[in-house]
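Peer 1: Structure provided below as structure tokens; questions to follow.
The values are calculated or read from the model by the stated rules, or taken from the named source; none is laboratory data. Quantities reported herein were computed from a predicted structural model and do not represent experimental measurements. All Cβ positions, even for glycine, are placed from backbone atoms using ideal geometry, and neighbour counts span all protein chains on display. Side chains included, ligands, DNA and RNA excluded: accessible areas come from the protein's heavy atoms. Shrake-Rupley method; radii C 1.70, N 1.55, O 1.52, S 1.80 Å.
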Amino acid sequence: MSIRNRVAARADPATGTGSAAIDIVPSGKEAIRRAADLLREGALVAFPTETVYGIGGDATNDRAVADIFAAKSRPRFNPLIVHVPGLAEAEDLAAFDDRARRLARRFWPGALTLVLPRRPAAGVSLLASAGLDTVAVRVPAHPVARNLLRAAGRPVAAPSANRSGRVSPTMAAHVLAEFAAATDGPAPALILDGGPCSIGIESTVLDLTGPIPVLLRPGGVTREDLAEILSAVETPPADVGAGAPRSPGRLPSHYAPDLPVRLDATEARPGEALLAFGPEAPSGFAEILFLSQRGDLAEAAANLFAMLRRLDRPEFSGIAVMPIPERGLGQAINDRLRRAAAPQPDNR
Ligand code: TXA
Ligand code: MG
């Protein structure tokens, strides 16, 4: 196997749960086989999906799932998405009704996650769904993810491969940047490099446990797409106050770079960098990156997280973002930007 990059950046935690080095390997057949073996052994593996990179573990292994939470410093009340290679495997884990089946047939494999009643007999770790009686399932479209899931032969719990509250990774190097510096606790044993993610924004999370579907997180499948199948979709009220929110990805501050983020910017403030949208940008910014100069929302979504990372540098005073239209993928983009701009609690 050709190992393109071996990084020995982490001190050996000597806990038995972490590894002293994280390998980034091109996602060829042999690498996928190795990653599948690691998953079956209970280790964590980062892999590409068409939305963002995930950090995966065997969803039926309590220890592996606990390691995912620890690696991300993720609050235990925030449940994980379980990834499977197809609808048949998904039906083993969750109770599908007609609506769910129609949605799965239309949008899977793809950027749609369905929250459904869990089948306890399926053996998915309770920790993965944070003790809820529901489970979030998704069939990703990325060929590396699909081959990995088939080779692993078991459901894989995989949140985005970033430390909790931070910007999701859309390239293998982003995953390394998230975990290489961590010297304590578990980390992915391997990062499968499948290139940049084509969609670049997370899956749409749709709760189908009640009579009217609830859009818990806008994502790669748009509201307009869902309307092809569903006559009504509700948006939950904003989560406020203490306690475990219904879908904790909806915490106000999330997807946050270190720099402050300012939305709907039309003019420069001193020292700011700009994320621009459309053919022209206002002058006076220290640096400008175009999410999409031709005003294309799919292109903007694919660039969003990588560009936020590129501008997140201490030489700037903040990241300003031009207005993005609130239609199609713009809803998911604006959702992430609003959370990136929200005041950050001390412990993200
Ligand atoms: O595109 C994606 O969905 C990526 C790739 C790797 O598949 N995964 C991802 O996972 O974004 P994560 O953990 O970063 O976000 C999962 C979201 C969270 O907002 C979580 O609260 C919600 O899904 N979720 C998971 N299980 C749930 C459940 N049983 N009920 C309600 N929300 C759930
Ligand atoms: Mg995430």
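Peer 1: Would you call Arg106 open to solvent by less than 10 Å² (accessible area, probe 1.4 Å) and basic (Lys, Arg)?
Peer 2: Answer is no for this residue.
Peer 1: Further question: Name the single residue that is surrounded by the most Cβ atoms within 10 Å (Cβ to Cβ) among those in segment 134-161 being near ligand 1 (Cβ under 9 Å from one of its atoms) and of a type in the set (S, T, N, Q).
Peer 2: Among those that are near ligand 1 (Cβ under 9 Å from one of its atoms) and of a type in the set (S, T, N, Q), it is Ser160.
Peer 1: Mind listing just one residue for me: the one in segment 52-101 that is among the aromatic types (Phe, Trp, Tyr) and touching a residue at least 24 places away in the same chain (Cβ under 8 Å) and, of those, farthest from ligand 2 (Cβ to nearest atom)?
Peer 2: Applying the filter and picking the extreme gives Phe77.
Peer 1: For segment 298-348, give me the residue count where each residue is among the aromatic types (Phe, Trp, Tyr) and within 18 Å of Cys197 (Cβ to Cβ).
Peer 2: 1
Peer 1: Let me ask something else about it. Of the residues Gly86, Gly57, Gly42, Gly28, only one is at positive phi and modelled with pLDDT of 95 or more; which?
Peer 2: Within the list Gly86, Gly57, Gly42, Gly28, the selection yields Gly42.
Peer 1: So in segment 280-302, with the set limited to residues that are surrounded by fewer than 19 Cβ atoms within 10 Å (Cβ to Cβ) and of a type in the set (S, T, N, Q), which one is farthest from Glu178 (Cα to Cα)?
Peer 2: Ser283
Peer 1: Then there's this: Residues Gly131, Gly110: which one is within 12 Å of ligand 1 (Cβ to nearest atom), assigned to a loop (DSSP other than H, G, I, E, B), at pLDDT 95 or above and out of contact with any Leu (no Cβ under 9 Å at 6 or more places or on another chain)?
Peer 2: Gly110
Peer 1: A follow-up question, please. All but one of (1) away from ligand 2 (no atom under 16 Å from the Cβ); (2) out of contact with any Asp or Glu (no Cβ under 9 Å at 6 or more places or on another chain) hold for Thr170; state the number of the condition that does not hold.
Peer 2: (1)
Peer 1: Still on this structure, I have one more. All but one of (1) closer than 29 Å to Leu215 by Cβ; (2) open to solvent by less than 40 Å² (accessible area, probe 1.4 Å) hold for Pro323; state the number of the condition that does not hold.
Peer 2: Only one criterion in (1) closer than 29 Å to Leu215 by Cβ; (2) open to solvent by less than 40 Å² (accessible area, probe 1.4 Å) is unmet by Pro323, namely (2).
Peer 1: Okay, next question. Regarding segment 73-81, can at least one residue be identified that is at pLDDT 95 or above, part of a strand (DSSP E or B) and more than 27 Å from Pro188 (Cα to Cα)?
Peer 2: Scanning segment 73-81, I find no residue that is at pLDDT 95 or above, part of a strand (DSSP E or B) and more than 27 Å from Pro188 (Cα to Cα), so the answer is no.
Peer 1: Which is open to solvent by less than 20 Å² (accessible area, probe 1.4 Å) and over 20 Å from the mean Cα position of the chain (by Cα), of Leu93, Leu112?
Peer 2: Criteria check complete, one pass: Leu93.
Peer 1: Among (1) away from ligand 2 (no atom under 16 Å from the Cβ); (2) surrounded by fewer than 24 Cβ atoms within 10 Å (Cβ to Cβ), where does Val124 come up short?
Peer 2: Looking at each condition in turn, Val124 falls short on (2).
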